1. Listed residues SER73, SER99; which is modelled with pLDDT under 90 and either more than 20 Å from the chain's Cα centre (by Cα) or surrounded by fewer than 19 Cβ atoms within 10 Å (Cβ to Cβ) (or both)?
2. Among (1) out of contact with any Pro (no Cβ under 8 Å at 6 or more places or on another chain); (2) of a type in the set (A, V, I, L, M, F, W, C); (3) modelled with pLDDT under 85, there is one condition PHE16 misses while meeting the rest; what is its number?
3. Test GLY26 against the stated conditions and say whether it is modelled with pLDDT of 85 or more, part of a helix (DSSP H, G or I), outside the structural domain of CYS184 (by the TED database) and more than 21 Å from SER85 (Cβ to Cβ).
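The values are calculated or read from the model by the stated rules, or taken from the named source; none is laboratory data. Nothing here was measured: the structure is a model prediction, and the numbers come from that model. Please note: Cβ atoms are built from the backbone with ideal geometry, for glycine as well, and neighbour counts cover all protein chains shown.
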Amino acid sequence: MNREIYLHTGFLPSSFSMYAMSLSFGLFLLEKPAWAVAVAAVGVILGWPFSILAFLPLTFYSLDKQFKQAFLSGAVTSIALLALSILVDHCYYQRWTSSVFNLLVYNVLGGGESHLYGTEGPLFYIRNGFNNFNFCFILALLFLGILPNCKKKKFQGGFRNCFGPKLWANLNGIFLYPIYPLVCVAASAVIESFTDLFRDKYNPYDNSIIVMMAKFLRPVALSLILCASHSRTFSLINGYAAPMEVYKILEHHDDAGTGDRDSV
């Protein structure tokens with residue numbers, strides 16, 4: 001039973017969509033929009049259908065860059081995966097149905113318990129983001145305002161037009177899981193751009209005192225984030241490791257027989 005629980009947590013649909021988001025955005029930054037859209041379709045159909053809101057900005061910008069290739073890639077991948085999903089559903093349910101469509105209908109169009117989600121105010125998601133990412137989350141929020149001032153080419157183009165709206169849209173959504181890796185990307189972009197905020201835009205080789213101080217802030221920010229993150233990890237291990245500690249001592253007991261559950 002315990003093994004089944006761990007397998008379940010390892011295959012959560014939101015986690016699968018998060019991995020797909022990381023790969024899709026990475027492909028987009030590598031200027032492979034067609035592949036990015038294909039991976040996005042995989043994340044939505046095989047993973048979590050509701051994550052489509054997280055993939056939409058990237059998909060639209062990919063279509064804007066290479067419409068034909070991105071459209072064909074997304075359409076072929078979506079049709080193939082939906083057909084496969086319907087065949088698998090028919091094999092198990094003995095009738096033609098779509099689990100993806102049923103999930104959306106149940107939770108969005110009525111009849112489900114979707115009213116249980118998204119009932120908290122905006123401050124809840126901000127607290128949740130800070131609880132999981134500490135100072136990294138604050139830097140990710142600053143990304144939206146700092147990016148237009150960045151002078152590095154790698155932060156321009158798709159990074160500006162795709163990531164900013166996506167992050168903003170998801171921070172005002174219900175679930176943040178699919179964009180967790182992108183929060184770290186945004187924070188790292190802000191840390192990298194510290195010097196751009198103070199350097200003379202007409203002098204790319206400006207090494208004034210304030211620029212040197214900005215460079216010093218990079219390791220300081222990283223140190224704060226790492227310390228806070230490790231503290232949270234150690235706190236979780238110390239406060240919620242009781243089930244694992246119990247299993248460590250089971251090897252010192254005889255095998256439990258029928259009806260001995262209470263004694264264990």
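1. It is SER99.
2. Of (1) out of contact with any Pro (no Cβ under 8 Å at 6 or more places or on another chain); (2) of a type in the set (A, V, I, L, M, F, W, C); (3) modelled with pLDDT under 85, only one is false for PHE16: (3).
3. So GLY26 passes the test.
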